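The values are calculated or read from the model by the stated rules, or taken from the named source; none is laboratory data. Here the structure is a predicted model, which is why all the values come from computation and not from measurement. Neighbour counts run over all protein chains shown; Cβ positions are idealised from the backbone, glycine included. Each accessible area value is taken on the protein alone, full model and side chains, heavy atoms only, with ligands, DNA and RNA left out. Shrake-Rupley method; radii C 1.70, N 1.55, O 1.52, S 1.80 Å.
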Amino acid sequence: MVKYMKSIKILLLAFLVSASLLHSQDEKLERPEKYRLGIDLGLNYNFAALGYQTFAEPVGTRFRTFFANDGAGIGGYIGLRAEYVSTSWWGFGLQLGYDNRGSFVTDQSDIIEPEFDIYNSYLNIAPYIKFNELLFKNSSVYVGPVIALKMAGEFDYNSNLPGSTQLMAVEATELKDLTFGAQLGFNYDIRIAPIGPSQIFVLSPFIEGSWLMGQKSPTFDALQDGFDDTWSTITARLGVTGAIDFIPDITSANSGGQYATVLPPYDGVVIQRVVEESFPIIPYVFFDGSKQNIPTRYNLLTKTNANSFDNADALDLTNNPELKGESATNKKLAVYHNILNIYAQEMKDDSGLNVELIGSAPKSNDGAILANNVRDYLVNIHGIDASRITTKGQEMPRIPSGSSSTPVNDRPLADLENRRVEFVFNKPEIYELVRVKMVDEYPIDNDILVSLNPNVKFSSWNINIVDENNKTVTYGPFFSQNERLSPYLLLKGKDEGEYKGFIEIVQLDGTKIKDETEFSLTKQMDDTKIGERYTILFNFGQSDAIKIAENDLRTKVAPKVDDEELLIIAGHTDPIGSTDINAGISANRADEAKDIFVSEFGSSSDKVDNIISYGYGEANSASTYDNSLPEGRMYNRNVTIDIIPSSK
């Protein structure tokens with residue numbers, strides 16, 4: 001029994017340590033359930049203790065005195081790793097690896113200290129239990145046994161006797177074929193890039209300490225207990241795991257409480273990427289109130305600047321410092337606000353391109369003056385021949401905003417949209433979508449998802465999100481169970497932040513309940529691929545814009561979608577009319593576009609599983625244009641289609 005006492009003590013110690021770790025993790029927040037497959041590369045630093053040993057001929061008996069460390073050596077490690085991480089604090093894993101435990105040792109029991117250059121290697125099987133975020137975020141500690149199958153065992157021997165010959169590649173025949181041990185490890189996950197809708201590529205540096213015990217059978221049973229003094233090796237290993245995390249239900253990555261669930265982007269990382277968008281320029285210039293001058297929000301050039309204006313520069317916003325930190329919609333409004341210069345450049349490039357300017361002014365009947373002011377800019381600044389431009393004024397535009405059913409409170413907004421100048425060109429191709437290139441700093445796949453729990457019966461709710469500087473952003477009120485929140489206002493002007501969310505829910509009986517959550521956000525650029533976006537605009541009251549765009553969706557957009565890419569279709573509306581009706585309209589438009597893609601891909605295609613459609617209605621988000629501007633409201637009558645690259 002004595003020979004097993006040390007083993008029993010070690011196992012008892014491991015049990016007590018594990019129990020302590022379990023208790024310390026009881027209060028940890030839940031995290032996403034995931035599976036991991038990876039490859040380990042590492043470097044071993046081995047400390048060998050040969051204990052009391054005897055070696056068969058030609059070496060003879062050696063190591064008659066026990067030393068804790070007879071020598072050291074460096075070896076390599078390569079292996080496979082598979083893990084499961086639960087939604088709580090625990091997980092488990094398995095390593096299968098080729099492990100070099102070689103070392104250079106000296107027999108200090110002999111006065112001439114003969115030398116052994118040992119080459120032994122094992123196929124290790126190491127199951128373990130993980131303690132997630134035991135020390136800090138994105139880290140884990142793991143512990144478990146090691147089962148080592150001998151692959152090779154030999155040594156070079158130098159007796160150091162005068163005139164002796166060094167023995168090479170002597171087989172260590174008494175090494176056990178099967179050896180047991182234990183290991184303790186620590187790793188830290190670094191999220192590199194998404195490679196699919198539910199897959200993340202991760203690099204995970206690790207440090208491990210392991211102990212192989214009793215690698216050789218006992219020689220002196222009276223002195224040895226077969227545990228730590230019959231050739232054992234302690235190894236310190238430094239390495240890195242390259243892995244793919246598979247998250248089967250990404251919506252489980254939540255924080256929240258009793259009444260609501262909040263899902264920030266995975267790992268709190270807001271992925272930024274370059275996006276190329278097929279974007280419509282609405283052929284209108286809008287005028288403010290009763291003013292007749294072109295508003296200064298339009299990019300009005302001098303003659304000198306006009307000579308150097310280039311449409312290509314106006315459409316490529318990737319390196320525009322003035323727009324850094326802005327939402328994609330604000331960047332696209334900057335493109336639209338160059339409409340006068342873009343159209344002037346088109347007329348310079350095509351001498352056969354002529355335009356009629358139609359000014360409309362429902363209240364003041366000064367539409368002709370508005371049209372003439374636009375003409376004067378084109379002629380006086382850009383040098384367009386006045387004979388190529390005709391103007392006229394009328395009360396209402398050809399396609400008016402608003403109708404007899406527009407609510408009385410919303411009619412002033414419609415009137416402001418109708419005070420405009422329309423460009424009517426003699427060549428319809430001028431209205432084709434332009435290609436806008438930009439860095440989208442808040443792509444739609446980075447929205448924060450908030451969902452009230454199914455048992456909550458409510459009439460409305462809102463959420464106030466407070467950052468580390470006590471700046472508060474309010475979202476809501478909302479009237480549906482699930483909402484998407486853009487991180488745009490939270491991260492505008494900074495690259496990261498810590499946040500607390502305070503959710504207030506009005507129940508059906510008028511009483512209020514509250515919930516809280518905490519999360520962090522960090523911006524990170526992903527330049528592995530360029531995203532694609534396609535925008536469809538609706539005129540006021542128009543219902544067939546999706547049908548008109550169907551051919552483009554099938555022939556221009558669908559072929560660009562790969563199997564592993566995510567397709568997000570989002571509908572929006574302006575704030576004119578009922579909030580509930582607008583939410584339904586936007587959802588129906590998004591679903592109509594989704595149906596076209598399902599039909600094009602085929603219902604059995606894997607691509608269909610990667611389509612998400614959502615109706616924002618008139619809710620504010622990073623994909624919402626400025627509703628205080630008539631052009632913003634007009635652009636908000638849209639469906640946008642985003643192809644999210646897989647990074648593969």
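General observations
- For the stretch 512-648, the share of alpha carbon pairs falling in successive 10 Å distance bins from zero is 11, 37, 31, 18, 3, 0 percent.
- When you filter the trypsin sites (Lys or Arg not before Pro) in the stretch 305-369 for DSSP loop state and at most 14 other Cβ atoms inside 10 Å of their Cβ, you are left with Lys324, Lys363.
- Evaluated over the stretch 374-424, the Cα radius of gyration and Dmax, each in Å: 15.1, 44
- Selected from Gln272, Leu80, Leu301, residue furthest toward positive end of dipole (the chain; charges at beta carbon): Leu301
- Short-range pairs are left out: with C-alpha atoms under 8 Å and at least six residues apart, the relative contact order of the chain is 12 percent.
- Distance between the 7 Å Cα→Cβ label points at Gln507 and Lys348: 6.7 nm.
- Amide H contacts under 5 Å for Tyr298, placed H, 5+ residues apart: none
- Shape call, the stretch 72-189: gyration tensor on alpha carbons, a/c limit 1.5: prolate
- Equivalent ellipsoid semi-axes, the stretch 315-419, via Cα gyration tensor eigenvalues times 5, rooted, Å: 27, 24, 10
- Of the complete DSSP H runs in the chain, those spanning 18 angstrom or more by Cα along the long axis with a mean Kyte-Doolittle score not below 0.0 are 5-24, 367-380.
- Helix content alone sets the calculated 222 nm mean residue ellipticity of the chain: runs of n ≥ 4 DSSP H residues at -39500 (n - 2.57) each, divided across all residues, give -5000 deg cm²/dmol.
- In a reduced charge model with +1 at each Lys and Arg Cβ and -1 at each Asp and Glu Cβ, the stretch 485-534 shows a dipole moment near 200 debye about its Cα centre.
- Note on Ile147/Ile190: beta-carbon distance plugged into 1/(1 + (r/R0)^6) with R0 of 25 Å gives a FRET efficiency of 0.25.
- The label-point distance for Gln258 and Lys427, in a model that sets each label 7 Å from Cα toward Cβ, rounds to 6.8 nm.
- Between Thr522 and Ser290, the contour length at 0.36 nm per residue exceeds the alpha carbon distance by 79.0 nm.
- Building the convex hull from the alpha-carbon atoms of the stretch 421-576 and averaging its projection over directions returns 14.2 nm².
- Averaged over residues, the count of other Cβ atoms within 10 Å places the peptides 233-241, 349-357, 147-155 in the sequence 233-241, 147-155, 349-357, highest first.
- Kirkwood-based Rg to Rh ratio, the stretch 349-507, C-alpha trace: 1.16
- The Cα trace of the chain gives Rg and Dmax of 35.1, 117 Å, the first to one decimal, the second as a whole number.
- With 0.36 nm allotted per residue and the present C-alpha distance subtracted, the Leu238-Asn330 stretch has 28.4 nm of extension available.
- Two-site label geometry, Tyr45 and Asp595: point separation in nm, points 7 Å out along Cα→Cβ: 6.7 nm
- Pairwise FRET efficiency - Asp385 versus Lys137, Cβ, R0 = 56 Å, nearest 0.05: 0.30
- The solvent-accessible area of Glu518, taken with every protein chain present and a 1.4 Å probe, is close to 120 Å².
- Relative contact order, whole percent, for the stretch 532-645 stands at 43, derived from Cα pairs under 8 Å and 6 or more residues apart.
- Two-site FRET efficiency, Arg411 against Asp563, from Cβ-Cβ distance with R₀ of 56 Å, rounded to 0.05: 0.70
- Each of Asp156, Asp267, Asp609 has its accessible area taken with a 1.4 Å probe; listed largest first, they run Asp609, Asp267, Asp156.
- Annotated for the stretch 294-403: lysine pairs at least 8 residues apart or interchain, Cα distance under 23 Å, count 4.
- Accessible surface ranking that places the most exposed of Glu322, Glu277 first, with a 1.4 angstrom probe: Glu322, Glu277
- Counting only aspartates and glutamates at least 8 places from Lys607 when in the same chain, those with an alpha carbon closer than 15 Å to its own are Asp562, Asp563, Glu564, Glu565, Asp595, Asp642.
- Whole-percent carbon and sulfur share, accessible surface of the chain, 1.4 Å: 55 percent
- The average projected area of the stretch 558-628, computed from the convex hull of its Cα atoms over all directions, is 5.2 nm².
- Per residue, the accessible area of the chain comes to 45 Å² when a 1.4 Å probe rolls over the protein heavy atoms.
- A compact globular protein would have a Cα radius of gyration near 2.2 N^0.38 Å; the ratio found for the stretch 307-372 is 1.44.
- Computed extension gain for Glu322 through Lys437, at 0.36 nm per residue and net of the alpha carbon distance, reaches 39.9 nm.
- Judged by the ratio a/c of the largest to the smallest principal axis of the C-alpha gyration tensor, the stretch 405-450 counts as oblate, that ratio being 1.5 or greater while a/b is no larger than b/c.
- Shape class of the stretch 241-363 from the Cα gyration tensor (axes a ≥ b ≥ c, square roots of the eigenvalues): prolate, since a/c reaches 1.5 or more and a/b is larger than b/c.
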